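Trainee: Quick one: structure below, then a few questions.
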């Protein structure tokens, strides 16, 4: 397809060794909707499916957002477990055992790879890396991969390189979401280049994840209050409740429900969009700079986004 040919031209022009990537998608909803036509359109050979989250709740590690599905799939499936950094800061000695037990209950597909998604820090590094080593030992014969944020990719000395088989560089959520002045916290290409330019190859086989989704950030008295995934645009067009400040920014003029939340007068809303064309362009130009000999996939987050339909 033309997109693959474009990647090939970029790679050959840069004189790099890694081949053009294969395509894959993240699935992040609790109810499985794999969008087979979308997978076929991009010749995607695998789907990374979030199985559940683990967060620190009531003084212990607790799962949430468990996958609910029994549908058959025609592509390889990789379960993903998202774990908050606080879990490793607080400590959960039985986490490997509990995680694998729950995965066996909620994930009905056979798999050869398990991916862990965690934005670890220098303070949680030792506990997190110990967990990854124990997980690899428990999953003897299967691949363990993990996500790597841009700051972890650049600051390898302080943040460390995780003891896994493969990693995925998350090239999104790069801006300051908490600041109303931010243009787009999902994708900031200047920030991405700041973290990736001039870096040596990552010491693990490295895949690349780029974003295709939109949300609305709600600010109250200067602070981030809520995130609303895929907001209803027809509601935002209601000028009796919302005043457009710019094409993507609004002020709430009358207290109202929006996106299932109650917003107050003078709350501010900023839409953020990571569209399909931008994701493909970012991946095309970033892949030659970060890919190494073990790199295989560009993974689009996420398969269920309405941005694929625009």
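Trainee: Could you tell me how many of the residues in segment 71-98 are within 22 Å of residue 40 (Cβ to Cβ), in contact with a strand residue (DSSP E or B) (Cβ under 7 Å, 6 or more places away or on another chain) and part of a loop (DSSP other than H, G, I, E, B)?
Mentor: Selection size over segment 71-98: 2.
Trainee: Taking the conditions exactly as written (in a loop (DSSP other than H, G, I, E, B) and either modelled with pLDDT of 95 or more or not assigned by TED's automatic domain parsing to the domain that holds residue 298 (or both)), does residue 114 satisfy them or not?
Mentor: Judged against the criteria, residue 114 is not a match.
Trainee: Would you check if residue 196 is in the same structural domain as residue 121 (by TED's automatic domain parsing) and at pLDDT below 95?
Mentor: Taking the combined requirement at face value, the residue does not satisfy it.
Trainee: Is it the case, given these coordinates, that residue 51 is touching a helix residue (DSSP H, G or I) at 6+ places or on another chain (Cβ under 9 Å), assigned to a loop (DSSP other than H, G, I, E, B) and under 30 Å from residue 287 (Cβ atoms)?
Mentor: For residue 51, the condition - touching a helix residue (DSSP H, G or I) at 6+ places or on another chain (Cβ under 9 Å), assigned to a loop (DSSP other than H, G, I, E, B) and under 30 Å from residue 287 (Cβ atoms) - is not met.
Trainee: Now, a different point. Can you give me the number of residues within segment 192-226 that are without any contact (Cβ under 8 Å) to a residue 40 or more places away in the chain and more than 13 Å from residue 171 (Cα to Cα)?
Mentor: Matching residues across segment 192-226 total 4.
Trainee: Among the residues that make up segment 215-224, is at least one of them touching a helix residue (DSSP H, G or I) at 6+ places or on another chain (Cβ under 7 Å) and crowded, with 18+ Cβ neighbours inside 10 Å?
Mentor: no
Trainee: Same structure again: Which ones in segment 236-259 are within 28 Å of residue 300 (Cβ to Cβ) and free of Cβ contacts under 8 Å to residues at least 12 places away in the same chain?
Mentor: 246, 247
Trainee: I need the full set of residues from segment 281-310 which are under 21 Å from residue 35 (Cα atoms), at pLDDT 95 or above and surrounded by fewer than 18 Cβ atoms within 10 Å (Cβ to Cβ), in order please.
Mentor: Answer for segment 281-310, where residues must be under 21 Å from residue 35 (Cα atoms), at pLDDT 95 or above and surrounded by fewer than 18 Cβ atoms within 10 Å (Cβ to Cβ): just 306.
Trainee: Of the conditions (1) in contact (Cβ under 8 Å) with a residue 40 or more places away in the chain; (2) within 30 Å of residue 197 (Cα to Cα); (3) in contact with a strand residue (DSSP E or B) (Cβ under 9 Å, 6 or more places away or on another chain), residue 151 fails just one. Which one is it?
Mentor: Exception for residue 151: condition (3).
The values are calculated or read from the model by the stated rules, or taken from the named source; none is laboratory data. Keep in mind the model is a prediction, meaning the values are calculated, not measured. With ideal geometry, Cβ positions are generated from the backbone for all residues, glycine too; neighbour counts draw on all protein chains shown.
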